Amino acid sequence: MAATEEKKWTGKSRGGRFGYLFFVYTIRLLGVRFAYVFLALIVPYFILFAPKATAAIWDYNRRRRGLSRPKSVVELYAHYYVFGQTLIDRIALRGGLHKRYRFAFDNFDRFREIMDNSRGVVLIGAHAGCWEAGAGFFGQYGRKLNIVMLDAEHEQIKEVLRQSGRAGEYKIIPINRGTLEAMVEIKYALDRGEYVCFNGDRYIDRATAAPRTFLGGEALFPTGPFRIASKCRVPVVFYYAMRERGGCYRFLFTEVPLEQCRKADQLLDCYVASLEKLMERYPRQWFNFYPFWNN
């Protein structure tokens, strides 16, 4: 399971390549339901042996959600389990098992209008739910996705897909601190009328992060995605794919008004407000397992 253990996120995931490959072959040989059953058995291991991640979830439920101690104990297990389900679902969807799931959409007609323009689109999501779930489902749209992520995460995913015999439907733009190569790729992708996807909730360098009030506490958010989006002069959409009961993923699209896309600070404010509403609706799908708030 991929939990981050420190305030300064590096892109490396708990469980690593072996954990991903284990579930790849479990799903392939025994099916998704068996993977869920096995997940229920190993969740206590992560509660005990990932103390920093466990402490972060506990703090989130106690201080941000205001839950009692008994409820926080129940939510601790549930939080890990839902997180594990999304990882299993991600592997299954990458494996072409789209018929195993149902999909629902909010504001999809307007989203299609935006995606069909020839100017390119910036999509900003979060480490909540499973926002990559839509890459294969969107067909021609999925093939035009460019997901920006750290090199460490990129190489791990690429190796897993290679060993499991699967190729991703979307493209990845790896980014490291201090490189301009990713910026060039982002510009070229948008010029081709494609879609560039960021996660807006984790910063790499504290010097480029900005404080915002989020769920009642101060937290730091990266400014990079919002600066890029404000300068590219293309539509900006907040996009989340959230897990619901019965194997359903709901895709939520929020178009950012044009006047709020032109200034990075205003765009960041809109994003934080959007993310706060999302967490009120799906509180168990907050997947930043490290001290996110400045306590």
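The values are calculated or read from the model by the stated rules, or taken from the named source; none is laboratory data. Owing to the predicted nature of the structure, the values given are computational and were not obtained by experimental measurement. As a convention, Cβ positions derive from the backbone with ideal geometry for all residues, glycine included, and neighbour counts pool all protein chains shown. Side chains included, ligands, DNA and RNA excluded: accessible areas come from the protein's heavy atoms. Shrake-Rupley method; radii C 1.70, N 1.55, O 1.52, S 1.80 Å.
Some notes on this structure:
- Theoretical gain in end-to-end length, Arg100 to Arg63 [0.36 nm per residue, Cα-Cα removed]: 9.7 nm
- Other-chain or far-sequence residues with amide H under 5 Å of Leu67's (modelled H): Arg62
- Interchain or long-range residues, amide H under 5 Å from Asn199's placed H: Gly125
- Sorting 120-130, 212-222 by average packing, meaning the other beta carbons within 10 Å per residue, from highest down gives 120-130, 212-222.
- Packing-based order for 241-252, 51-62, using average beta carbon neighbours within 10 Å, highest first: 51-62, 241-252
- The string of couplings for the stretch 108-123 from the Karplus curve (6.51, -1.76, 1.60, θ = phi - 60°) is 5, 4, 5, 4, 5, 4, 5, 5, 7, 6, 9, 9, x, 9, 9, 9 Hz, one whole number per residue in order, with x for Gly and Pro.
- Taking 0.36 nm per residue of separation and subtracting the current Cα-Cα distance, fully stretching the chain between Val74 and Leu180 would add 33.6 nm.
- Along the stretch 127-133 the Karplus relation, 6.51 cos²θ - 1.76 cosθ + 1.60 evaluated at θ = phi - 60°, assigns HN-Hα couplings of 7, 8, x, 9, 5, 7, 4 Hz to successive residues, with x for each Gly and Pro.
- With 0.36 nm allotted per residue and the present C-alpha distance subtracted, the Arg206-Arg245 stretch has 10.3 nm of extension available.
- Across the accessible surface of the stretch 241-295, with the other protein chains kept in place and a 1.4 Å probe, carbon and sulfur atoms take up 47 percent.
- Here the contact order of the stretch 201-289, divided by its residue count and restricted to Cα pairs under 8 Å and six or more residues apart, works out to 23 percent.
- Per residue, in Å², the accessible surface of the stretch 43-126 once ligands and nucleic acids are set aside, probe 1.4 Å: 49 Å²
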